[in-house]
Amino acid sequence: MKFRKYLLPILMFCCVSASVSARTFFNLWYGEGYATHNNYDLATSYGLNFYKAVGYGIGFGFTTFVQQANLNYNTESNNASGGSIRVNSKYYVFAPMVVAQLGRSGHLSGYLNGGVGVLSDGWADVHTWSNVQWPAGSSYDYDIKDKSYLANMVFRFGLGFIQYYHMFGSFHLYVNEDFGIFPASLQNTGYTDNNIVNFKQPLNSFFSPTYISLRVGIAHITNSNPKRRR
């Protein structure tokens, strides 16, 4: 039968897939990030990734972590009227992820993830002013620090690269370069305070940062102990 000549390749593929799919990756990490615009200071993040290989070079899983946003907008500080805003917030993020092995060694992988973040803590300090004296009594200076300026839920997409460096047994050093994108605003668009509208420039780009982060941690990879493979 013609089917017999395909039987051996099929069995070999199944064995390889089963061997690969048995490998799981658990990564625990800490990182620091820098916003590509309106950055105030380094923003911390910490969490874990878990994924399982389901085919040759492909894995599916999830990542969950805390992401800080540490931003400052003060380009209007020399204006007679305008506004500035300082944000320091933290979001709990959960995102499914897909991982692709880059190269035969498996030491380098690329990934994509996307999910939601829930506000855990933070504040926005909004300062608006006008030194214009006409008409009389029209000048003002408001400074309000309020968590209500921040969105309770946001979306975040991530992509980047992961490197593994064997340490001992099934444990590896985990190094990750991550690009985190907030496509929707961190601002609570339903907030009714009129101070937000006093800014000379729209704040959509300010409240939609992109973070470049470096993360370092420890990884446990099943069936990765070199001594057991001998």
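Taking the stated definitions as given, is residue 175 modelled with pLDDT of 95 or more, under 24 Å from the mean Cα position of the chain (by Cα), over 21 Å from residue 25 (Cβ atoms) and not basic (Lys, Arg)? If you could, list the steps in order and put the result at the bottom.
On the way: modelled with pLDDT of 95 or more: yes; under 24 Å from the mean Cα position of the chain (by Cα): yes; over 21 Å from residue 25 (Cβ atoms): no; not basic (Lys, Arg): yes.
So residue 175 fails the test.
Being aliphatic (A, V, I, L, M), open to solvent by 10 Å² or more (accessible area, probe 1.4 Å), within 19 Å of residue 213 (Cβ to Cβ) and not in a loop (DSSP other than H, G, I, E, B) is the filter here, so list the residues in the range 34-64 that pass it.
48, the sole residue that qualifies.
Which numbered condition trips up residue 68, out of (1) crowded, with 17+ Cβ neighbours inside 10 Å; (2) modelled with pLDDT of 95 or more; (3) within 26 Å of residue 24 (Cβ to Cβ); (4) of a type outside the set (Ser, Thr, Tyr)?
(3)
Test each condition in (1) at negative phi; (2) assigned to a strand (DSSP E or B) for residue 122 and report the one that comes out false.
(1)
Is it true that some residue in the range 109-118 is at pLDDT below 95 and open to solvent by 50 Å² or more (accessible area, probe 1.4 Å)?
There is no residue in the range 109-118 that is at pLDDT below 95 and open to solvent by 50 Å² or more (accessible area, probe 1.4 Å).
Could you say which residue among 188, 198, 152, 194 is open to solvent by 30 Å² or more (accessible area, probe 1.4 Å), of a type outside the set (Ser, Thr, Tyr), within 24 Å of the chain's Cα centre (by Cα) and modelled with pLDDT under 85? Write out each step before concluding.
Numbers: 198 fails: within 24 Å of the chain's Cα centre (by Cα); 152 fails: modelled with pLDDT under 85; 194 fails: within 24 Å of the chain's Cα centre (by Cα).
After ruling out the rest, the residue left standing is 188.
Under 6 Å between Cβ atoms, at least 6 apart or on separate chains: pull out the pairs that start in the range 164-179 with a residue that is among the charged types (D, E, K, R) and end on any residue that is surrounded by 14 or more Cβ atoms within 10 Å (Cβ to Cβ) and modelled with pLDDT of 95 or more.
177/160; 177/161; 178/158; 178/160; 178/213
Does the range 108-119 contain any residue that is part of a loop (DSSP other than H, G, I, E, B) and at negative phi? Steps first, please.
Let us first name the residues in the range 108-119 that are part of a loop (DSSP other than H, G, I, E, B), namely none.
No, there is no match, as no residue in the range 108-119 is part of a loop (DSSP other than H, G, I, E, B) and at negative phi.
Go through the range 75-84 and give me each residue that's surrounded by fewer than 22 Cβ atoms within 10 Å (Cβ to Cβ) and either modelled with pLDDT under 85 or closer than 27 Å to residue 26 by Cα (or both).
Here is the first cut: in the range 75-84, the ones surrounded by fewer than 22 Cβ atoms within 10 Å (Cβ to Cβ) are 75-82, 84.
Residues satisfying the conditions are 75, 76, 77, 78, 79, 80, 81, 82.
Looking at 87, 99, 93, which one is buried (at least 16 other Cβ atoms within 10 Å of the Cβ), modelled with pLDDT of 95 or more, among the aliphatic types (A, V, I, L, M) and in contact with a Leu (Cβ under 9 Å, 6 or more places away or on another chain)?
On the way: 87 fails: modelled with pLDDT of 95 or more; 93 fails: in contact with a Leu (Cβ under 9 Å, 6 or more places away or on another chain).
Residue meeting the stated conditions: 99.
The values are calculated or read from the model by the stated rules, or taken from the named source; none is laboratory data. It should be emphasised that the depicted structure is a prediction, and the values quoted were computed from it without experimental measurement. Cβ: placed from backbone, ideal geometry, glycine included. Neighbour counts: every protein chain shown. Areas reflect the complete protein model, heavy atoms only, side chains present, ligands, DNA and RNA absent. Shrake-Rupley method; radii C 1.70, N 1.55, O 1.52, S 1.80 Å.
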